[in-house]
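One structure below.
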Amino acid sequence: MARLVRAALTRTGRLIGIALAVTLAVSLVSGTFILTDTIASAFQAATASSTSTSDIVVRATAGFTAQANSLPEREPLPESLLATVAAVPGIQAMWATVQGYAAMTDKSGKVIAPDGLPTVGTSWAPGDILDVGRAPHRGEVAIDLTTARRYHLHVGDNIRILFQGGAQNFTIAGVLRRTVDIVAATKAIFDPNTATQWLGQKGEVDAIAVRAQPSATPATLRARINAILPSRFEAVTARQVADEAAQSWTKSLGFLTPGLLLLAGVALIVGALLIGNTFSILVGQRTRELGLLRALGASPGQLRRLVLAEATAVGISASLAGVAIGLGAAHGMLALVRGVGLSIPTSSVVFRIHSAVAGVVCGVAATTVAAFLPARRATLVSPVAALNGSATRSERARAARIGPGAVTTLAGATMLAAGSTHALPTLVATGVGVAGVLIGLALLLPVLAGPVAYAIGAPLVRLFGQPAALARQNAMRNPRRTAATAAALMIGIGLVGVIAIVTASMKASATAAVRQTLRADLVVMTSGTPGSSGGLPPSVADRLRHTPEVGLVSEIRAGQWGLGGATETLLAIDPATVTDMHEVDAASMAAVHQLDDTGVLVRDTVAEHHRWKIGDLVPMTFARTGTRRLPIRGLFSTMAVRTDYVISLKAFAVNYAQPLILAVDVKLAKGVTPGLAEANVRRAMSDLPVAKVMDRSQLLASQQAQIDKYLSPVAALLGLAVLIGLLGIANALALSIHERTRELGLLRAVGMARTQLRAMIRCEAVIIAGFGSLAGLGLALGFGWASVSAVHDLGVTELVVPVGQLAMLVAAATAAGLLAAIVPARRAANLQVLDAIRDSH
Amino acid sequence: MTMLMTAPELVESWARMTAKATTPAARTVNAVKIHGRGNTSVRALDGVSVELEQNRFTAIMGPSGSGKSTLMHCLAGLDTLSSGQVYVGDKELGTLSERALTKLRRDRLGFIFQAYNLLPTLTAAENITLPLALAGRSADPLWLELVIDVVGLGDRLSHRPSELSGGEQLRVAAARALVSRPEIIFADEPTGSLDSRAGGSLLNFLRRAVDDFGQTIVMVTHDPVAASFADRIVFLADGRIVDEMFEPSVGRAVEHMKYLGG
């Protein structure tokens, strides 16, 4: 048996294609695990290093658990609390901390905002250790080491720092020894007065840091402080604060692992298709050899094990290569993740053994499972097959498949439709639907292969004549093989197409929302990534009101609150002006008019879900004021910004201390020249670098850029599936050429030129690629429609099929068939005519 | 080796000699073909000079390993000589590029192989016109009709090779070889895989092609029955021409083969 396997492996040249496919897929699997470990260890390292300055942190309690991916908003503490805490015995040192948005500029005046991480300003803490210089006084700043190094900033340099409320020039007094915080990209440290002036509110601090005397353990000191704190405040260990931060950031990246594994799974499935196809071709080609083995006494089981052992050997070696490449892939994915703006503390890539194990297990499993059917077919070879030299069997697609195939596809599509319109539970229906469509297509593809190949080949035949005609015949002669080869490409193209459709639909929906419902002339929002600067300072709205060209100003704020343990978000609007800025339907308009300063508006579908009606009380837990029961004043279906709950600005002011504004809508005064007025508004905001004034087209552009930023990496990763699909075509062609050696020899003997032979192979590749691409296009249209329908409620209201883009995709993939044909065509053209004719397999 | 010739043979031989005024369809001059290198090298052709006349049916006979297939492959431009020359018409094949050889095969030569004669994806009719299609030409309809008629495939034209019998497949191959009116048709053991009836009908067809259409045919075979359909038999052994026979009969061919140890 071992000898047989070794003999079979001497043919590994033919298996290189599938080995490559497995390697690529496994590199994604391993890469994902490596990436996940890297991220986790980076946060752990950052956490461990950030606990040294203080032992205890006194802060306001969180009113409710935060959303998975963010830390809860906390109220500031009154300054008077410092004295209360100071009375506790066992404190060696204590200081107030104030933290907020502070962005440094480099020497050319450009804002330093690396990686989209928050840029933080804090008050000087006695525990801060300087690398050079001294603690900052008024007009001075200490900055973190990383930023200083990367942007060549030195003690004595003058830099401009931007705050929410304005900007000021500072002299660098010192550079911190520790680099950066886990949650900050850059850190600027000010004296307490400056910090309070720019980063906090007078009379308030964000937290109190306490260092324990050597005689008191942090735990006992924490207990002592907690004992005297008023109920809304708590003392926790610094360690816990750091852990919370690390946890929150790890959680915010939690979607990455399943997401990337999903993509790796797609690559594995595509790879498995390719493997199954290759082995069934190989078994077909080796019918004679297998028959001989049977005649010589090999049992069917031995033949099955022979094929499976071969597959496993390929799987293992390809998977090991994949793990090695996975290390590189992890670097690439890390770059992709950073490119999307997700922040990950810098760290070297971490490789643990389970990354290798997962990759190898997946790779070997995919290879073995995929080879199982071909292995079973090998057992069906009869000893007589050795005697009649039927090396190739041409299989015809059975028309019997059409019925079940069409029915299964339709049933799947119906399930998808039911899922997307919420007639059935979305997740279940979508899963079943996708499976149904895929199985149905698998049945239909071989039936379609002939006619579609014929149609795709038609223009080629007109262009290239006889070689193309032969290529078309070759593609049609074994529809099941053509279909299996094309299926891998179909999945890749289908998924990339879905992303293209979803992207286009999201963009179109954003465009429609701005074009059709935005009545404001200008929108002022925070620059930079959301969350890194929190929002706009309250002074923005007042300034706009005092700008002469501005007619109407309507601000929108956002906050979190708790509902029965879950975290919800709400918007605060000005009921009097919001509908002047955003067009809403009549019912929603009526609801807005009903909103007073004590009630809440709820999205109609949400109210339905909770079985709430107008007048019911919603128990809303706020960080500042605790649980309050707000009566529902109205139900809405459309609102300025997508939200489920709306309260008035006055109600917001009562329940939230956080003064930041999410966005301000501006309507220009009647009769002003728009261009001039806009310039004046911009001028009024010029000393507020965080305020970004956008007209409609700029708003659109920024939204579209955001959509691209998130979806293009997904498309890029799915491109890998397309690559594997093309690899499959190359592989199948190489195998076909091997099996058709004699035929090719005959063609050359009766006068086919090398160029014609190459043209023939290329045409066949293009026909298969075209078939796979077209089938993928069908898949993309179906799944794209389902995906867009499924997220209709999330504001994706338009279904757009980017015809040009999809046509390009199909054309490019079809043309890429030429690439797949390079090696097989060269091999075919280099066949020695005589060897080919004499070849006796 | 001395030649034992009967009187009529001598006359015939003389007649052949005098007919030499016309250019032969193909000829070799001191053709040598060495397979392999060093100790393992084999002289498949060891100085063969032969002329193949136009409008004649020539059989090349010899035991296996005699070099008969190699000779045919070299004559047909499928293989190259180690030394010596091959001419098709007045073209010396050794001087031709791969591209020119392909064109020569396509435009001036026809082939009938023992097996794997046909493309399984094409119908009989498509297989017949394949060389013309590759050259981008269309068949002369009258000639095509005549060829098909002679081969006797009228009702099988739209069938694919898998639906044809072995004899029919070979007849399709023969029709394909004939349809482009090549200067020479090379046939490699054409009847090797056929029963005697189907073989006979193919050989009759080849004979008719020579007699009725003036076709030149070179056939490699080890079957004396097949060879007896030829005008002339060239006997090969160990890479050399050892004998030849004109207007052969089965009995004489068998005798000769026995003599050669075939």
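Applying a threshold of 6 Å to beta carbon distances and a minimum spacing of six or more residues, or different chains, the list of pairs starting in the stretch A:463-476 at a residue that is in contact (Cβ under 8 Å) with a residue 60 or more places away in the chain and under 11 Å from A:GLU764 (Cβ atoms) and ending at one that is of a type in the set (S, T, N, Q) and in a helix (DSSP H, G or I) reads A:PRO467/A:GLN756; A:ALA475/A:THR482. Residues of the stretch A:696-729 that are out of contact with any Gly (no Cβ under 6 Å at 6 or more places or on another chain), of a type in the set (Gly, Ala, Ser) and within 29 Å of A:PRO824 (Cα to Cα): A:ALA715, A:ALA716, A:GLY719, A:GLY728.
Number of residues in the stretch A:454-466 that are surrounded by 21 or more Cβ atoms within 10 Å (Cβ to Cβ) and either more than 8 Å from chain B (Cβ to nearest Cβ) or under 39 Å from the mean Cα position of the chain (by Cα) (or both): the value is 3. Residues that are loosely packed, with under 14 Cβ neighbours inside 10 Å number at least 3 in the following helices (runs of 4 or more DSSP H) confined to the stretch A:594-704: A:604-610, A:674-684.
All of (1) within 14 Å of another protein chain (Cβ to nearest Cβ); (2) at pLDDT below 85 hold for B:THR40 with one exception: (1).
The condition of being touching a residue at least 40 places away in the same chain (Cβ under 8 Å) and over 18 Å from the mean Cα position of the chain (by Cα) holds for only one of B:ARG197, B:ARG160, that being B:ARG160. For the stretch A:653-698, a residue qualifies if it is within 32 Å of the chain's Cα centre (by Cα) and under 25 Å from A:GLN560 (Cα atoms), and the qualifying residues are A:GLN658, A:PRO659, A:LEU660, A:ILE661, A:LEU662, A:ALA663, A:VAL664, A:ASP665, A:VAL690, A:ALA691, A:LYS692. Can you tell me which residues in the stretch B:97-117 are more than 8 Å from every other protein chain (Cβ to nearest Cβ) and either at pLDDT below 85 or over 18 Å from the mean Cα position of the chain (by Cα) (or both)? Within the stretch B:97-117, B:SER97, B:ALA100, B:GLN114, B:ALA115 meet the criteria. Is it fair to say A:THR97 is out of contact with any helix residue (DSSP H, G or I) (no Cβ under 6 Å at 6 or more places or on another chain), under 26 Å from A:GLY535 (Cα atoms), modelled with pLDDT of 85 or more and hydroxyl-bearing (Ser, Thr, Tyr)? It is true that A:THR97 is out of contact with any helix residue (DSSP H, G or I) (no Cβ under 6 Å at 6 or more places or on another chain), under 26 Å from A:GLY535 (Cα atoms), modelled with pLDDT of 85 or more and hydroxyl-bearing (Ser, Thr, Tyr). Please work out if A:GLY254 is within 30 Å of A:GLY363 (Cβ to Cβ) and in contact with a Pro (Cβ under 8 Å, 6 or more places away or on another chain). The answer is no for A:GLY254. Against the conditions (1) touching an Asp or Glu at 6+ places or on another chain (Cβ under 9 Å); (2) modelled with pLDDT under 90; (3) crowded, with 21+ Cβ neighbours inside 10 Å, where does A:TRP198 fall short? Just the number, please. So A:TRP198 meets the others, but not (1). Here A:ALA68 does not fit the description of being assigned to a strand (DSSP E or B) and modelled with pLDDT under 85.
Selection of the stretch A:787-801 for residues being assigned to a helix (DSSP H, G or I) and crowded, with 16+ Cβ neighbours inside 10 Å yields A:SER787, A:VAL788, A:SER789, A:ALA790, A:HIS792. Kindly indicate whether A:PRO300 is of a type outside the set (Lys, Arg) and touching a strand residue (DSSP E or B) at 6+ places or on another chain (Cβ under 8 Å). Considered against the rule, which asks whether it is of a type outside the set (Lys, Arg) and touching a strand residue (DSSP E or B) at 6+ places or on another chain (Cβ under 8 Å), A:PRO300 comes out as no. Quick check: is even one residue across the stretch A:499-515 of a type in the set (S, T, N, Q), at pLDDT 85 or above and buried (at least 24 other Cβ atoms within 10 Å of the Cβ)? Checking the stretch A:499-515: at least one residue is of a type in the set (S, T, N, Q), at pLDDT 85 or above and buried (at least 24 other Cβ atoms within 10 Å of the Cβ). Restricted to strands (runs of 3 or more DSSP E) entirely inside the stretch B:30-104, those with at least 2 residues that are under 26 Å from B:PHE213 (Cα atoms) and among the β-branched types (Val, Ile, Thr) are B:57-61, B:83-88.
A:ALA391: modelled with pLDDT under 85, in contact with a His (Cβ under 8 Å, 6 or more places away or on another chain) and surrounded by fewer than 19 Cβ atoms within 10 Å (Cβ to Cβ), yes or no? In short, yes. Filtering the stretch B:118-154 to residues that are at the interface with chain A (Cβ under 10 Å from one of its Cβ atoms) and of a type in the set (Asp, Glu) leaves only B:GLU126.
Can we say A:GLY804 is surrounded by fewer than 19 Cβ atoms within 10 Å (Cβ to Cβ), away from every other protein chain (no Cβ under 14 Å), over 21 Å from the mean Cα position of the chain (by Cα) and of a type outside the set (D, E, K, R)? So A:GLY804 fits the description; yes.
Touching a strand residue (DSSP E or B) at 6+ places or on another chain (Cβ under 9 Å), over 30 Å from A:ASN478 (Cα atoms), outside any helix (DSSP H, G or I) and at pLDDT 80 or above: which single residue out of A:ALA235, A:ALA219, A:ALA223 fits that description? Sole residue among the options that is touching a strand residue (DSSP E or B) at 6+ places or on another chain (Cβ under 9 Å), over 30 Å from A:ASN478 (Cα atoms), outside any helix (DSSP H, G or I) and at pLDDT 80 or above: A:ALA235.
Answer with yes or no whether A:THR408 is farther than 19 Å from A:PRO479 by Cα, modelled with pLDDT of 70 or more and β-branched (Val, Ile, Thr). Criteria met by A:THR408. Residues that are surrounded by fewer than 21 Cβ atoms within 10 Å (Cβ to Cβ) and outside any helix (DSSP H, G or I) within the stretch B:159-180 comprise B:HIS159, B:ARG160, B:LEU164, B:SER165, listed in sequence order.
Taking first residues from the stretch A:157-172 that are more than 11 Å from A:ALA188 (Cβ to Cβ) and in the same structural domain as A:LYS110 (by TED's automatic domain parsing) and partners that are at pLDDT below 90 and among the acidic types (Asp, Glu), the Cβ contacts under 8 Å between residues at least 6 apart in sequence or on separate chains come to A:GLY166/A:ASP687; A:ALA167/A:ASP687.
When we screen A:LEU274, A:LEU282, A:LEU261, A:LEU256 for residues that are in contact with a Gly (Cβ under 8 Å, 6 or more places away or on another chain), aliphatic (A, V, I, L, M) and not assigned by TED's automatic domain parsing to the domain that holds A:LEU733, the only hit is A:LEU274.
Restricted to the stretch A:752-764, and to residues there that are over 17 Å from A:THR485 (Cα atoms) and out of contact with any Phe, Trp or Tyr (no Cβ under 9 Å at 6 or more places or on another chain), the residue that is surrounded by the fewest Cβ atoms within 10 Å (Cβ to Cβ) is A:THR755.
The values are calculated or read from the model by the stated rules, or taken from the named source; none is laboratory data. The structure presented is a predicted model; accordingly, all values stated were derived computationally and were not measured. When we count neighbours, we look across all protein chains shown, and the Cβ atoms used for this are built from the backbone with ideal geometry, even at glycine.
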